[in-house]
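Trainee: I have a structure here, written as structure tokens, and I will follow up with some questions on it.
The values are calculated or read from the model by the stated rules, or taken from the named source; none is laboratory data. None of the values given here were measured: they were computed from a predicted structure. Every residue, glycine among them, receives a Cβ derived from its backbone with ideal geometry; neighbour counts consider all protein chains shown. When the accessible area is computed, the model is the full protein with side chains, heavy atoms only, and any ligands, DNA or RNA have been set aside. Shrake-Rupley method; radii C 1.70, N 1.55, O 1.52, S 1.80 Å.
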Amino acid sequence: MSQGMSQPSLPCSKSHRLPGMIRYGMACLEVVAVTIALSWAGVARADLQPPETAPDDLVQLLSEIDMAANSRDLDQIMQHVSEEFTHADGLDYNTLQEATQAFWDRFDSLSYNTELIGWDAEDDVWTVETRTTVVGLDVIGGRSGRLRSVVESQQQFDNALMVSQTITREESQLTLGDNAPIVDVNLFEKVGMGESYSFDAIVLEPLGDRILLGTAFDEPVDVNGYMTPAIIDLDLLSAGGLFKVGVAPAELGDRWVSAVVVRDDGITALTRRLQVVAPSEASDDLQAE
């Protein structure tokens, strides 16, 4: 394709369809717990107050949302969301509710843990940055499945109702089977519009004589991605992982970049969020790292 992931020269004598593996609901995670985080290192931005100074009302609000998520009490969660809610990914009050329920329907067991990273207040409006870790367990296709997702964002609460949210970082992994491949992923958080980027998903264990299948692809972050599972092709891999080159689209926005690695004893699927930004902003980010 002209934009997105490109396929390097690899033997592709086999191709398999794997329905519903990547968009199994990872994209819903950042809105299910409703409170997420911005600072991966656990340090609030300079213009926000540290978490230990947060007012009791805010701490209680975040605790109530976490408890409602762990209890799968959707009505209780939505009581903390404004009917005029907006989301940078295109969600609104109704689609947020639908996406949350769709995600819960996919996993028998889910647990949520939310950390407050930073906060600020102006009149009755709170600006809140948090990190939420979600762990899910289920049996998928006869194999034990385990989901772990860490999602970060900034949201605003007006009179204790969430009115807006923007996701800033997202990393999710689903493993199937008792011995799923251990995969190390390399991907920058930002890329400039129209610029190329690399995405590596490396299997850390020796391959030996076992067959390894896999694929990597990207897709735009939008409402449709929250609702519709992807159907993907798997290619026979000659090396111990996936080594891809993508080209960012010529407009601002976020992409989900995903990899699936299949071995006879397990499956690992990963997704990370990539921000497509102005080239100057991407350059600044690379220099900072």
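Trainee: Restricting to the range 222-244, give me the number of residues that are open to solvent by 20 Å² or more (accessible area, probe 1.4 Å) and touching a helix residue (DSSP H, G or I) at 6+ places or on another chain (Cβ under 8 Å).
Mentor: Adding up the residues that qualify gives 2.
Trainee: Here's something else I'd like to know. Kindly indicate whether any position in the range 156-172 is of a type outside the set (Asp, Glu), part of a loop (DSSP other than H, G, I, E, B) and buried (at least 20 other Cβ atoms within 10 Å of the Cβ).
Mentor: The answer is no, given that none of the residues of the range 156-172 is of a type outside the set (Asp, Glu), part of a loop (DSSP other than H, G, I, E, B) and buried (at least 20 other Cβ atoms within 10 Å of the Cβ).
Trainee: Next question, about the same structure. Taking into account only those residues within the range 129-138 that are open to solvent by 10 Å² or more (accessible area, probe 1.4 Å) and among the hydrophobic types (A, V, I, L, M, F, W, C), which is nearest to the chain's Cα centre (by Cα)?
Mentor: VAL135
Trainee: Right, next: Kindly indicate whether any position in the range 139-152 is at pLDDT 95 or above and surrounded by fewer than 14 Cβ atoms within 10 Å (Cβ to Cβ).
Mentor: No: zero hits.
Trainee: Here's something else I'd like to know. What residue, among those in the range 89-101 that are within 20 Å of THR168 (Cα to Cα) and among the charged types (D, E, K, R), is surrounded by the fewest Cβ atoms within 10 Å (Cβ to Cβ)?
Mentor: Among residues in the range 89-101 that are within 20 Å of THR168 (Cα to Cα) and among the charged types (D, E, K, R), the one surrounded by the fewest Cβ atoms within 10 Å (Cβ to Cβ) is ASP92.
Trainee: Another question, then. Would you please list the contacts, defined by Cβ atoms under 7 Å and residues six or more apart or on different chains, that run from a residue in the range 133-157 that is under 13 Å from THR114 (Cα atoms) to a residue that is among the hydrophobic types (A, V, I, L, M, F, W, C) and open to solvent by 70 Å² or more (accessible area, probe 1.4 Å)?
Mentor: GLU152/TRP40
Trainee: Sticking with this structure for a sec: Answer yes or no as to whether GLY118 is open to solvent by less than 10 Å² (accessible area, probe 1.4 Å), outside any loop (DSSP other than H, G, I, E, B) and free of Cβ contacts under 8 Å to residues at least 60 places away in the same chain.
Mentor: Working: open to solvent by less than 10 Å² (accessible area, probe 1.4 Å): yes; outside any loop (DSSP other than H, G, I, E, B): yes; free of Cβ contacts under 8 Å to residues at least 60 places away in the same chain: no.
No; evaluated as a whole, the condition is false for this residue.
Trainee: State all residues of the range 102-113 that are in contact with an Asp or Glu (Cβ under 9 Å, 6 or more places away or on another chain), part of a strand (DSSP E or B) and open to solvent by 30 Å² or more (accessible area, probe 1.4 Å); if no residue qualifies, say none.
Mentor: Within the range 102-113, SER109, ASN113 qualify.
Trainee: Which pairs do you get when a residue that is open to solvent by 70 Å² or more (accessible area, probe 1.4 Å), found in the range 67-88, comes within reach of a residue that is assigned to a helix (DSSP H, G or I), reach meaning Cβ atoms under 6 angstrom, with the pair 6+ apart or on two chains?
Mentor: If the second residue must be assigned to a helix (DSSP H, G or I), the pairs left are ARG72/TRP104; GLU83/TYR93.
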